[in-house]
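Note sheet for the following structure.
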Amino acid sequence: MLDRNVVAESPEIVRQSLQARHASDELLGLLDRLVDVIARRRELTARTDELRAERNRMTKEIGPLMKAGRRDEAAPLREQVNALGAELDGLEEERKGLEAEEQLALLSLPNLVDARVPPGPDEAHNVEVRRWGTPPTLDFDPKDHVALGEALGIMDLERAAKLSGARFPVLVGDGARLERALVNFFLEEAAKAGYVEHIVPYIVSRQTMTGTGQLPKFEPDLFRLDAQVNGEDAFLIPTAEVPLTNLHAGEILDGAALPIRYTAFTPCFRSEAGSYGRDTRGLMRQHQFHKVELVQLTTAEQGPAQHEEMTAHAAGLLEKLGLPYRVQLLCGGDMGFSARICYDLEVWLPGQQSYREISSISWCGGFQGRRMGLRHRPEGGGKPQTTHTLNGSGLAVGRTLIAVLENHQQADGSIVVPEALRPYMGGQERITAR
């Protein structure tokens, strides 16, 4: 959530950020309306404070007059007090309406972009930061992961569709084992890097979803349940970022304990209402998939350095798996709602002859902390400050499985298991047809 003081006092900063994101005219209009609402709400607050003070002053005068039997003098004061009360009731009703409108508008505007974010309306304007590895040169026509998986008998998309419809996976035998190995590898590497592993709920409340910015904007892309949780609407999590980041919602942390690093493996559930049929073949874009998430809670000063650290950690996983990748700095028009600045890691997929996103690592500044009331007390004392948050995939398991299959495929259709995964697969070196 944006700082309302910045919106009210420096609206041009917010407008420039929206323009950098190539925001719609509707969002720009919402900003204009929000500026007016905050100004009017502040005006009402000042006016009601004045009227309450005046009413209190008159009320104090009425008592002594009544005790002295001077009812004729007290009567007009009582009438004025009643009139002030009626006026206050009207102003208070208007103020509450404006507060609700202000809060909804603040929750609906995206984060301010960092000065380092490149300009541009879409992914074509993202800036490549670096590459690692060389795409494999194969002396045969590479297959994509679907052809490989079906030929090896480790993937059954037809029966998956029978169970749940399109865009749900069934992995079989070594396919399931490979996915489990990736999960264990990612979690062990995260633990070595200082991330504390959690097992978290997969169903969360509306308030929790709002805290990390999934609501209200992205409700069509979520799976909402008929049943409630904690007296609120319930949702399946789209990423472990949601429960992990919200663990300390409403708390004041010890600044000396920051940065805090958390990780969790969870299934992720996304209706992908806005994907319009893109990447529906195979495992690329699923309604249900697995991911190991990385989250950090930091001070404002720590945020940029921890962003680089988190990106390096996720990139290191790809290197250990022998998967060529590139790092992209996202432009304003391609960046997520809650991010101030974001790196995408894109892995090379021989079956598509292109780099595809496998992780997004975002520094959100105080945007999420403000939404969920997450603060910390600085070392040495002082007023509590909004805690900054970061999140990233470390990594998306299904897409990593795709990359392993396609980059390590052999001419005979078998798959060489990367050395880093072999300890998690009982020493198995190759996946062959069942």
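Observations on the model:
- In the context of the full set of protein chains, the chain has a per residue accessible area of 46 Å² (1.4 Å probe).
- Region 1-127 - percent of accessible surface contributed by carbon and sulfur, probe 1.4 Å: 51 percent
- Among Lys383, Lys67, Lys291: highest mean-square fluctuation, GNM of the chain, C-alpha pairs under 10 Å: Lys67
- For Lys320 and Asp226, the FRET efficiency from 1/(1 + (r/R0)^6), where r spans their Cβ atoms and R0 equals 56 Å, is about 0.85.
- Here Arg434 and Asp279 are evaluated by their C-beta separation; at R0 = 35 Å the FRET efficiency comes out at 0.85.
- For Arg71, neighbours were defined as the other residues whose beta-carbon sits under 14 Å from its Cβ, and their charges (Lys and Arg +1, Asp and Glu -1) total -1.
- If you run the Gaussian network model on the chain, springs between alpha carbon atoms under 10 Å, then out of Arg70, Arg42, Arg370 the most flexible one is Arg70.
- Note on Ala39 and Ala86: the model spin-label points, each 7 Å out from Cα along the C-beta direction, lie 3.1 nm apart.
- Inter-probe distance in nm under a simple model that places probes 7 Å from Cα toward Cβ, at Val6 and Arg71: 6.1 nm
- Pairs of Lys residues in the chain, spaced 8 or more positions apart or belonging to different chains, with C-alpha separations under 23 angstrom: 6 in total.
- Label assignment, Cα extents along the principal axes in Å derived from the structure, set [x] 89, 48, 42; [y] 83, 53, 40; [z] 107, 43, 43: [z]
- For the residues Asn126, Asn56, Asn111, a GNM of the chain with alpha-carbon springs under 10 Å puts the largest fluctuation on Asn56.
- Accessible-area composition of region 327-434, carbon plus sulfur, in percent [1.4 Å probe]: 40 percent
- Treating r as the C-beta distance of Arg47 and Ile252 and R0 as 30 Å, the FRET efficiency rounds to 0.35.
The values are calculated or read from the model by the stated rules, or taken from the named source; none is laboratory data. Just so it is clear, the model here is predicted, and its values are computed rather than measured. Backbone-built Cβ (ideal geometry, glycine too); neighbour counts: all protein chains shown. The area values use the complete protein model at the heavy-atom level, side chains included, leaving out ligands, DNA and RNA. Shrake-Rupley method; radii C 1.70, N 1.55, O 1.52, S 1.80 Å.
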